[in-house]
Amino acid sequence: NAGVTQTPKFRVLKTGQSMTLLCAQDMNHEYMYWYRQDPGMGLRLIHYSVGEGTTAKGEVPDGYNVSRLKKQNFLLGLESAAPSQTSVYFCASSYGQARGQPQHFGDGTRLSIL
Amino acid sequence: AQSVAQPEDQVNVAEGNPLTVKCTYSVSGNPYLFWYVQYPNRGLQFLLKYITGDNLVKGSYGFEAEFNKSQTSFHLKKPSALVSDSALYFCAVRSEGSYNQGGKLIFGQGTELSVKP
């Protein structure tokens, strides 16, 4: 039972390069989320999805795009990477509107922008 | 606006002693409250939650948390700390009515717990 899997685990980019982070979940969850974690700031929501084919902006969406073409996958794209996007990125998923369902997290992608 | 505050960046405890990690929140409507733990180079792991009912909730690894509505607090506790409890702990909140916003969680900034032998 893999849960939430993120690829890649580490990546170094140069300013201006683009890349896509992949998140896959095998729990048949409806909701998926992308967060970034920076020291002393907790987790901040970038984008989220409440179902296949739907996406919405979170707290810090600028510079990122997402797609949810399949229920089990949620992709996060950086079109033109900037040093301010150096961070640890976490994907999470949860069941739909059921009360109080916790989010399940992947182990993160550590991204450095030079 | 919803918010979560963890007033201590770090908590130091001797092994065997009780521990408390503090959390206060602000949310419109009834809160759903969560505690997560993060070990180095890992994602967040769910510990426990408060939805409704008994103010004292029990979770994984012997942790418990007390919901106090008047003080808008949800402190994490453990009667006897272990060295293996050393990790980063996050409190999170969402409002009862946030399901139409994807059930978004608001996280505190985290508290580093260090348990010494």
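The values are calculated or read from the model by the stated rules, or taken from the named source; none is laboratory data. Worth saying up front: this structure is predicted, and the values here are computed from it rather than measured. Cβ placement follows ideal geometry from the backbone for every residue including glycine, while neighbour counts extend to all protein chains displayed.
Descriptive notes on the structure:
- Summed over segment A:54-84, the residues that are free of Cβ contacts under 8 Å to residues at least 24 places away in the same chain and basic (Lys, Arg) give a count of 2.
- B:Thr20 fulfils the conditions (1) more than 12 Å from the chain's Cα centre (by Cα); (2) surrounded by fewer than 18 Cβ atoms within 10 Å (Cβ to Cβ) except for a single criterion, (1).
- Among (1) touching an Asp or Glu at 6+ places or on another chain (Cβ under 8 Å); (2) surrounded by 16 or more Cβ atoms within 10 Å (Cβ to Cβ); (3) more than 8 Å from chain B (Cβ to nearest Cβ) - the single one A:Leu111 does not satisfy: (1)
- Only residues that are assigned to a loop (DSSP other than H, G, I, E, B) and over 16 Å from A:Ala82 (Cα atoms) were counted across segment A:1-49, and they come to 14.
- Within segment B:23-34, if we keep just the residues that are under 9 Å from the mean Cα position of the chain (by Cα) and within 10 Å of another protein chain (Cβ to nearest Cβ), the residue that is farthest from A:Phe90 (Cα to Cα) turns out to be B:Leu33.
- Which numbered condition B:Ser86 misses (of (1) crowded, with 20+ Cβ neighbours inside 10 Å; (2) within 23 Å of A:Thr109 (Cα to Cα); (3) at pLDDT 95 or above): (1)
- Flag if B:Ser60 is touching a residue at least 12 places away in the same chain (Cβ under 8 Å), closer than 30 Å to A:Thr7 by Cβ and among the polar types (S, T, N, Q): yes
- The residue list B:Gly53, B:Gly110, B:Gly103, B:Gly62 contains one member that is within 11 Å of the chain's Cα centre (by Cα) and either surrounded by fewer than 15 Cβ atoms within 10 Å (Cβ to Cβ) or closer than 23 Å to A:Ala92 by Cα (or both), which is B:Gly110.
Results for (1) crowded, with 17+ Cβ neighbours inside 10 Å; (2) of a type in the set (D, E, K, R), shown as yes or no for each residue.
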position	(1), (2)
A:Val12	no, no
A:Ser18	no, no
A:Leu43	yes, no
A:Ile46	yes, no
A:Glu79	no, yes
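- For A:Pro8: the one exception among (1) within 10 Å of chain B (Cβ to nearest Cβ); (2) over 30 Å from B:Tyr32 (Cβ atoms): (1)
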